[in-house]
1. Excluding Ala59 itself, calculate the net charge of residues whose Cβ lies under 10 Å from the Cβ of Ala59, where each Lys or Arg counts +1 and each Asp or Glu counts -1.
2. Over the chain, with every protein chain in place, what whole percent of the accessible area is carbon and sulfur at 1.4 Å, could you tell me?
3. Ignoring ligands and nucleic acids, what accessible area does Thr41 show with a 1.4 Å probe (Å², nearest 10)?
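The values are calculated or read from the model by the stated rules, or taken from the named source; none is laboratory data. Nothing here was measured: the structure is a model prediction, and the numbers come from that model. In this analysis, Cβ positions are derived from the backbone assuming ideal geometry, glycine residues included, and neighbour counts consider all displayed protein chains. Ligands, DNA and RNA are stripped out before the accessible areas are found, and what is left, the full protein with its side chains, is counted by its heavy atoms. Shrake-Rupley method; radii C 1.70, N 1.55, O 1.52, S 1.80 Å.
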Amino acid sequence: MENQLLNRITVNPKICHGKPTIRNKRYTVDLILDLLSAGSTHAEILEDYPNLEEDDILACLAYATKVT
């Protein structure tokens with residue numbers, strides 16, 4: 001399951017200067033983690049960013065545990 005989540009995280013030098021993003025979209029992992037650390041709930045993030053899915057948020061969390 002974790003590998004499936006991590007496959008959602010992409011690094012493309014042409015998108016967001018090569019920062020890790022979600023599914024080659026302009027939503028960076030940093031953005032999602034910042035929102036979560038500021039107290040946003042998953043539901044709030046999904047409401048504010050309708051192109052995202054629950055698994056995208058979980059992928060960001062899984063990615064964060066791998067790079068720390």
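1. Surrounding charge for Ala59 is -3.
2. Numbers: 2190 of 4360 Å².
In the chain, the share of accessible area belonging to carbon and sulfur is 50 percent.
3. Roughly 70 Å² of Thr41 is accessible to a 1.4 Å probe.
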